Amino acid sequence: MSEPDELISISALQHYSYCPRQCALIHQEQTFTENVFTVRGRFVHERVDEPETRTEGDREIQTSVPLVSERLGLVGKSDVVEVLPDGSLYPVEYKHGPRRNREHDDIQVAAQAICLEEMTGKRIAEGVIYHHGSRRRRIVPITPELRAKVEEITKSVRALLQSGEMPPPADDPALCRGCSLKDACQPELVKSGKRIRQLTDTLFEPEEDAV
């Protein structure tokens with residue numbers, strides 16, 4: 001059984017998949033700030049933040065379900081777990097934006113499915129991303145490839161947090177623009193400093209002896 005201080009938050013996998021530096025800032029440095037996207041996301045999650053069990057149509061809806069995987073050392077919660085009439089389970093992750101494919105979201109819901117499988121003994125073939133902006137659901141097949149990616153990223157996150165190192169900023173302006181931690185991360189400043197060090201090292205390299 002994993003010790004509590006070895007448990008990794010499922011959300012850390014999503015953050016690492018988006019940007020390893022973001023993961024380190026949140027889960028290692030305990031840094032978190034809000035922007036319009038995180039505020040919208042918090043508003044969307046308010047409706048599923050309290051544990052509740054209710055019936056909608058032919059299925060049971062459980063909200064804010066605690067999750068754990070002792071095998072992988074993961075802990076977290078599912079926004080919603082839907083229980084179908086045949087006993088099948090569907091973890092549902094709420095996202096504030098419109099319907100779109102994002103691997104880091106798929107990894108998050110796949111990790112939830114893996115935890116549910118370990119807790120219940122039931123095989124879970126699919127998860128769901130509910131996009132609040134478009135009021136549409138996106139089915140996420142829990143494929144062998146996605147399961148392998150969850151395990152791989154779990155190992156990477158654990159190694160990162162144990163190392164205490166801070167990864168470099170993402171080399172993708174689009175990721176940085178949408179990140180609430182941009183001011184804390186200071187990607188432009190970090191990259192400028194690295195470039196200056198590279199130029200300085202080049203200027204002061206010893207000259208080769210002339211032939």
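So here's what we get for this one:
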| read-out | value |
| --- | --- |
| Residues (under 12 Å from Val128 (Cβ atoms) and crowded, with 18+ Cβ neighbours inside 10 Å) located in segment 57-84 | Ser78, Asp79, Val80, Val81 |
| Residue ranges of strands (runs of 3 or more DSSP E) in segment 85-160 with at least 3 members open to solvent by less than 20 Å² (accessible area, probe 1.4 Å) | 89-95, 126-131 |
| Any pair with Cβ under 7 angstrom, 6 or more apart, that starts in segment 63-88 at a residue that is more than 9 Å from Cys115 (Cα to Cα) and in contact (Cβ under 8 Å) with a residue 12 or more places away in the chain and ends at one that is of a type outside the set (D, E, K, R) and assigned to a loop (DSSP other than H, G, I, E, B) | Thr63/Pro51; Ser64/Pro51; Gly73/Ser2; Gly73/Leu7 |
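The values are calculated or read from the model by the stated rules, or taken from the named source; none is laboratory data. These numbers come from a predicted model, not from an experiment. Cβ coordinates were reconstructed from backbone atoms using ideal geometry, including for glycine residues, and neighbour counts include every protein chain displayed. All accessible areas refer to the heavy atoms of the entire protein, side chains included, with ligands and DNA or RNA removed. Shrake-Rupley method; radii C 1.70, N 1.55, O 1.52, S 1.80 Å.
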